[in-house]
Amino acid sequence: MPDPISWSFAWPYLLGAFGAGYLAGSIPFGLILTLHADKGDIRKIGSGNIGATNVLRTGSKGLALATLILDSGKGAAVLLIGHWTYGPDIGVAAGVGALFGHLFPIWLRFNGGKGVATAIGLLLAGNWPVGTAACLIWLLVAIMFRYSSVSALAAMIVAPVCAKVLGWADAPLLSSPIAYHQMAEFTALIAVLIWFRHAANIRRLLTHEEPKIGET
């Protein structure tokens, strides 16, 4: 891994990494896949979201799975490339850029997805113990309540807490690119963005109007 960048010269690299991550993250895989498969404009189906949960509402589990993999993969890829090229700070900047790109893609007039798959990809690539904990919480809550939004919100709460606890316990990092103390700050920012993008879902949950997984 390259030596850390001196902070006196860091900002151009950080901005460049953020911009590159943004462009990669703004690729709307859900929209591209559904249009290519003649499923129509995903923005006019179900919730109008471009993510895997809404792609599932087209009736194609394969397209939903492909969207999940690609959306999570783009976040993981830019973080790892940034980390391998210039170190963890650049990896984090690129990862944050990818999440912003998915949430606010320039190609779709800044109206993107909810960012859950991309966030999970970032967590797994950045620190796999924290990412694994978030995935397990998502799966457990989804099985219990069958609300994708509730699962995502719960996972995003657990991630920074898990990073903090593992950091306090001085748990082994096991070759993860991002240390626990930095991961706690990174995941806290991710959580704020995800909760912000789920504001409409939270309102529907409070009024019992939020569709469950697999419902239209």
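The values are calculated or read from the model by the stated rules, or taken from the named source; none is laboratory data. Everything quoted here is computed from the prediction, not taken from an experiment. We work out accessible area using only protein heavy atoms, side chains counted, and drop any ligands, DNA or RNA first. Shrake-Rupley method; radii C 1.70, N 1.55, O 1.52, S 1.80 Å.
Think of a 1.4 Å ball rolled over the protein heavy atoms: the chain then has 50 Å² of accessible area per residue.
Multiply the residue separation of residue 109 and residue 181 by 0.36 nm, subtract the distance between their alpha-carbon atoms, and state the gained length in nm to one decimal.
Stretched out fully, the residue 109 to residue 181 stretch lengthens by 22.4 nm.
Computed over every Cα-Cα pair of the chain and binned at 10 Å starting from 0, the pair-distance distribution P(r) comes out as 9, 34, 35, 17, 4, 0 percent.
Let me have the relative contact order for the chain, percent, based on Cα pairs under 8 Å that are six or more residues apart.
Worked out over the chain, it gives 21 percent.
Summarise the accessible area of segment 39-184 (1.4 Å probe, protein heavy atoms) by the percent that is carbon and sulfur. Within segment 39-184, the accessible surface is 70 percent carbon and sulfur.
Scanning the chain for helices, which whole DSSP H stretches are 24 Å or more long along the axis (Cα) and average -0.5 or more by Kyte-Doolittle? Those that pass (Cα extent of 24 Å or more, hydropathy at least -0.5) are 61-86, 128-145, 148-168, 180-197.
Summing -39500 (n - 2.57) over the DSSP H runs of n ≥ 4 in the chain and dividing by its residue number, what mean residue ellipticity at 222 nm do you reach, to the nearest 500 deg cm²/dmol?
That calculation yields -22000 deg cm²/dmol at 222 nm.
Here, P(r) means the percent of Cα pairs in each 10 Å bin from 0 to the largest distance; for segment 36-124 it is 19, 44, 27, 9, 1.
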